[in-house]
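The values are calculated or read from the model by the stated rules, or taken from the named source; none is laboratory data. Note that the coordinates shown come from a computational prediction; the quantities given were computed from them, not determined experimentally. Glycine also receives a Cβ, built like all others from the backbone with ideal geometry; neighbour counts cover every protein chain displayed.
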């Protein structure tokens with residue numbers, strides 16, 4: 001199971017490589033839409049990429065609550081915990 005910091009680093013790597021976000025802007029508090037200028041299609045694409053990388057399924061209700069990179073990492077951490085039970 002990965003730590004929140006490891007997950008945040010992986011998310012940042014994906015955003016930098018695939019969405020051309022600057023590494024400096026990729027903090028846990030960075031808001032996906034306002035700070036990183038992602039649109040709803042980008043957000044869906046990010047979740048799909050993360051699901052493929054982690055093997056975890058993000059539910060629609062989880063997706064609706066995601067606003068920041070930290071929120072994304074929190075959901076992945078929670079899903080990892082649920083999967084390991």
Need a quick list: helices (runs of 4 or more DSSP H) entirely within region 1-84 having at least 3 residues that are touching a residue at least 24 places away in the same chain (Cβ under 8 Å).
4-19, 40-54, 69-83
Check 35, 42, 62 and return the single one that is farther than 26 Å from residue 81 by Cβ, surrounded by 14 or more Cβ atoms within 10 Å (Cβ to Cβ) and at pLDDT below 95.
42
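Any residue in region 68-82 that is touching a strand residue (DSSP E or B) at 6+ places or on another chain (Cβ under 8 Å), surrounded by 13 or more Cβ atoms within 10 Å (Cβ to Cβ) and modelled with pLDDT of 85 or more?
Within region 68-82 (the criterion being touching a strand residue (DSSP E or B) at 6+ places or on another chain (Cβ under 8 Å), surrounded by 13 or more Cβ atoms within 10 Å (Cβ to Cβ) and modelled with pLDDT of 85 or more), the answer is yes, since at least one residue qualifies.
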